[in-house]
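Trainee: What follows is a single structure, and I will ask about it in a moment.
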Amino acid sequence: MTGIRLRGMTWDHPRGYDPMVACSALYQERNGVEIVWEKRSLQDFESFPVEELARRYDLIVIDHPHAGQVAREGCLYPLDQPGFSSERRAMLSGSVGLSYHSYVFDGRLWALPLDAATQVQAFRPDLIERAPETWEEVLELARAGRIVLPLRAPHSLMCVMTLAANLGWLPGREGEEFIPRAIGEAVVTQLAALARHLDERCFSFDPIAALDLLAESPDLACCPLVYGYVNYAHAGFRAHRLAFADIPCLGSSGPLGSVLGGTGLAVSARSAQPEAALKFAYWITSGEIQRGPYIAAGGQPGHGEAWLDDIADQAANGFYSRTRATLEGAMLRPRHDGYMDFQDKAARLIAEGLLARTSARAIVEDVNRVARETRSKHQG
């Protein structure tokens, strides 16, 4: 395959970009295939249409809630191709939680688990002895002005979904109603109690901005719901090293229900070199590469072999072992065609409502209304 040149698109953070560049350089040495990576903002990663990216790139790092949309559009190359059965079996057995399953939709595999993540919590071990274990402990820290929380869309919705699922409900699973009024109001009431004590900048923060501030602040001690970023657990990445832990519980069943995140590596159906792209995708998501050069370059692996690596865990101050229970108990977001439209609109309504101190009932009614409207639009 010497002389082949592929283009890839990932997201703009050392965790998303650096391991792709480093592993691609190694792959080129071994196989003669060059892969040039570009990057886009986290906001674009969470919302930009995959179909548009598929016109320009051979390899695309995606978020699993796009699965229903990409299945309808046919813009991605199905990865369950003959010749890779043993690799898929190994990947499935090594899946961290539902990471592998999150990219299976309508019986086809649309991406390979590249990076595993879910909402966990981050804290400053130099400022507090341990992470809070209950939501009431989180509220106590908030009253003291020590909490930061990313509430920019879609993360306000992710917080609602995680807390609702921690109480035992899986949002959006039955009919047109996204969440029952009683549990929705209970969860939004808890978030509103927290939001009253937050800096208003939190409503413009994504996880990267929240973690950056937490790592620099002399006062902030905890971010109770945030997608985990292993980089911040490494010494020297920021001014202060962060520690990570399982989510604080609102319910009584332990750290269950966190909303799964992470990323998958997809191949464009419009690629002129789909076989070359496919081989690289399986190579970089294999256990051997994930626990070796991928982690060494600052990646957060999607393969369980890397999550169980003691050396990697020690270097990351226990990041993998201290958040694994939350990741194993994480839930999948809805992935039907139209969900991404709902996610953006609902998250904005929640954030605006919390900021304006709108009643919990009104916020939940708005979210359920948007769920009905978007489902009707995309089913029609």
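Trainee: Restricting attention to region 82-95, does a residue exist that is touching a residue at least 60 places away in the same chain (Cβ under 8 Å), of a type in the set (Gly, Ala, Ser) and crowded, with 21+ Cβ neighbours inside 10 Å?
Mentor: Looking for residues that are touching a residue at least 60 places away in the same chain (Cβ under 8 Å), of a type in the set (Gly, Ala, Ser) and crowded, with 21+ Cβ neighbours inside 10 Å, one finds at least one in region 82-95, hence yes.
Trainee: Looking at region 127-161, which of its residues are in contact (Cβ under 8 Å) with a residue 60 or more places away in the chain and either basic (Lys, Arg) or assigned by TED's automatic domain parsing to the domain that holds residue 48 (or both)?
Mentor: Going residue by residue through region 127-161, those that are in contact (Cβ under 8 Å) with a residue 60 or more places away in the chain are 127-128, 130-135, 137-138, 141, 145-161.
Of everything in region 127-161, those that are in contact (Cβ under 8 Å) with a residue 60 or more places away in the chain and either basic (Lys, Arg) or assigned by TED's automatic domain parsing to the domain that holds residue 48 (or both) turn out to be 130, 146, 152.
Trainee: Being outside any helix (DSSP H, G or I) and within 20 Å of the chain's Cα centre (by Cα) is the filter; apply it to region 310-325 and report the residue that is surrounded by the fewest Cβ atoms within 10 Å (Cβ to Cβ). Give the derivation first.
Mentor: Just the residues of region 310-325 that are outside any helix (DSSP H, G or I), to begin with: 316-318.
Checking which are within 20 Å of the chain's Cα centre (by Cα) leaves us with 316, 318.
Numbers: 316: 24, 318: 14.
In this case the residue turns out to be 318.
Trainee: Mind checking which pairs have a first residue in region 346-364 that is on the phi > 0 side of the Ramachandran plot and in the same structural domain as residue 178 (by TED's automatic domain parsing) and a second that is part of a helix (DSSP H, G or I) and not polar (S, T, N, Q), Cβ under 8 Å, 6 or more apart or different chains?
Mentor: As it stands, the answer is 357/192, since those pairs meet every condition given.
Trainee: Can you name the condition, by its number, that residue 305 falls short on among (1) part of a helix (DSSP H, G or I); (2) modelled with pLDDT of 95 or more; (3) within 21 Å of the chain's Cα centre (by Cα)?
Mentor: Only one criterion in (1) part of a helix (DSSP H, G or I); (2) modelled with pLDDT of 95 or more; (3) within 21 Å of the chain's Cα centre (by Cα) is unmet by residue 305, namely (2).
Trainee: Let me ask you something else. Can you tell me which of 15, 5, 40 is of a type in the set (D, E, K, R) and farther than 25 Å from residue 155 by Cα?
Mentor: Working: 15 fails: farther than 25 Å from residue 155 by Cα; 40 fails: farther than 25 Å from residue 155 by Cα.
The match here is 5.
Trainee: Could you please give the count of residues in region 1-46 that are among the β-branched types (Val, Ile, Thr), surrounded by fewer than 18 Cβ atoms within 10 Å (Cβ to Cβ) and either touching a Leu at 6+ places or on another chain (Cβ under 6 Å) or within 19 Å of residue 269 (Cα to Cα) (or both)? Before the answer, list the steps.
Mentor: The initial filter retains those residues of region 1-46 that are among the β-branched types (Val, Ile, Thr), namely 2, 4, 10, 21, 33, 35-36.
Add one more test, that the residue is surrounded by fewer than 18 Cβ atoms within 10 Å (Cβ to Cβ), and what stays is 2, 21, 36.
Still in the list and also either touching a Leu at 6+ places or on another chain (Cβ under 6 Å) or within 19 Å of residue 269 (Cα to Cα) (or both): 36.
Selection size over region 1-46: 1.
Trainee: Could you list, in sequence order, the residues of region 201-241 that are assigned to a loop (DSSP other than H, G, I, E, B) and under 20 Å from residue 12 (Cβ atoms)?
Mentor: Kept after step one, since they are assigned to a loop (DSSP other than H, G, I, E, B), are these residues of region 201-241: 205-206, 217-221, 228-229, 234-241.
Selection gives 205, 206, 228, 229, 234, 237, 238.
Trainee: Taking the condition out of contact with any strand residue (DSSP E or B) (no Cβ under 9 Å at 6 or more places or on another chain), assigned to a helix (DSSP H, G or I) and crowded, with 22+ Cβ neighbours inside 10 Å, does residue 362 pass?
Mentor: When the stated conditions are applied, residue 362 does not pass them.
Trainee: Still on this structure, I have one more. Quick check on this structure: which one of 181, 143 is farther than 30 Å from residue 12 by Cβ, at pLDDT below 95 and not β-branched (Val, Ile, Thr)?
Mentor: 181
Trainee: Out of (1) closer than 30 Å to residue 114 by Cα; (2) in a helix (DSSP H, G or I); (3) over 17 Å from the mean Cα position of the chain (by Cα), what's the single condition that is false for residue 353?
Mentor: Condition not satisfied by residue 353: (1).
Trainee: Now, a different point. Return the pairs, sorted by first residue and then second, in which the second residue is among the basic types (Lys, Arg) and modelled with pLDDT of 95 or more, the first residue lies in region 305-325 and is farther than 15 Å from residue 113 by Cβ, the beta carbons are less than 6 Å apart, and the residues are 6+ apart or on different chains.
Mentor: Taking only residues 6 or more apart or on different chains, the pairs are 309/291.
Trainee: Next question. Out of region 32-44, which residues are over 23 Å from residue 205 (Cα atoms) and touching a residue at least 40 places away in the same chain (Cβ under 8 Å)?
Mentor: 33, 35
The values are calculated or read from the model by the stated rules, or taken from the named source; none is laboratory data. Fair warning: this is a prediction, and the values are worked out from it, not measured in the lab. Positions of Cβ are backbone-derived with ideal geometry, glycine not excepted, and every protein chain shown enters the neighbour counts.
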